[in-house]
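Chemist: Quick one: the structure is below, and I'll ask about it shortly.
The values are calculated or read from the model by the stated rules, or taken from the named source; none is laboratory data. Worth saying up front: this structure is predicted, and the values here are computed from it rather than measured. Because the Cβ atoms are built from the backbone with ideal geometry, glycine has one as well, and the counts that use them run over all protein chains shown.
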Amino acid sequence: MTTELTPELASTIEEAFARRDRSNMQPTIDFFENLLAEHPGNPYVLYEVGGSYDTDGQEEKAVGYYEQALPGLTGETRRKCLLQYGSTLRNLDRFDESLDVFKTACAEFPESDSLRVFKSLTLHAAGHKDKALATLLLVIADRLETPEIKRYEAAIRGNADYLANL
């Protein structure tokens with residue numbers, strides 16, 4: 001059993017992902033379940049199985065695969081798994097767990113805009129609308145390089161700070 005992402009396995013995963021049909025996920029689920037049988041316990045395959053169930057709307061099933069995969073994942077795949085796991089927990093109304101995942105993920109990947117955006121969705125869903133907007137304002141101030149945004153950057157950051165502390 002290998003827990004690595006070999007070039008061959010990465011290529012197989014990429015090809016299967018490219019062929020997926022979001023409106024009919026069962027063939028993709030079947031493919032990744034079979035791949036998992038060939039590579040039991042491989043975190044990269046576990047992540048893909050979870051993602052397939054997640055895309056199919058089977059969030060409860062996806063959570064278990066994400067949880068099994070995360071300890072063995074690194075780099076970009078770990079970041080994507082954390083985002084999908086946190087988002088899935090939000091969809092299951094498990095807001096505190098989702099926020100914990102996003103807090104950890106944002107600390108581990110501080111440059112990830114997508115993690116901050118999805119964290120804001122969880123904050124909003126959990127009723128923390130001011131903090132959700134503050135999070136998005138900071139993404140805008142950090143990443144949007146237009147003359148207008150730059151002109152008002154201090155005001156945007158000030159409003160974000162104000163909202164975050166309400």
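Chemist: Kindly check whether there is at least one residue in the range 24-47 that is in contact with a Phe, Trp or Tyr (Cβ under 6 Å, 6 or more places away or on another chain), in a helix (DSSP H, G or I), under 21 Å from PHE102 (Cα atoms) and at pLDDT 95 or above.
Modeler: The answer is yes; a qualifying residue exists.
Chemist: Does ARG116 satisfy the condition of being under 24 Å from LYS129 (Cα atoms), among the basic types (Lys, Arg) and under 14 Å from the mean Cα position of the chain (by Cα)?
Modeler: Taking the combined requirement at face value, the residue satisfies it.
Chemist: Another question about this same structure. Restricting attention to the range 41-84, which residues are within 15 Å of the chain's Cα centre (by Cα), acidic (Asp, Glu) and more than 21 Å from SER112 (Cα to Cα)?
Modeler: Scanning the range 41-84 gives ASP54, GLU59.
Chemist: What number of residues within the range 130-166 satisfy the criterion of being among the basic types (Lys, Arg) and more than 20 Å from the chain's Cα centre (by Cα)?
Modeler: 3
Chemist: If you scan the range 88-139, which residues turn out to be polar (S, T, N, Q), surrounded by fewer than 21 Cβ atoms within 10 Å (Cβ to Cβ), out of contact with any Asp or Glu (no Cβ under 7 Å at 6 or more places or on another chain) and under 21 Å from TYR65 (Cβ atoms)?
Modeler: Result: THR104, SER114.
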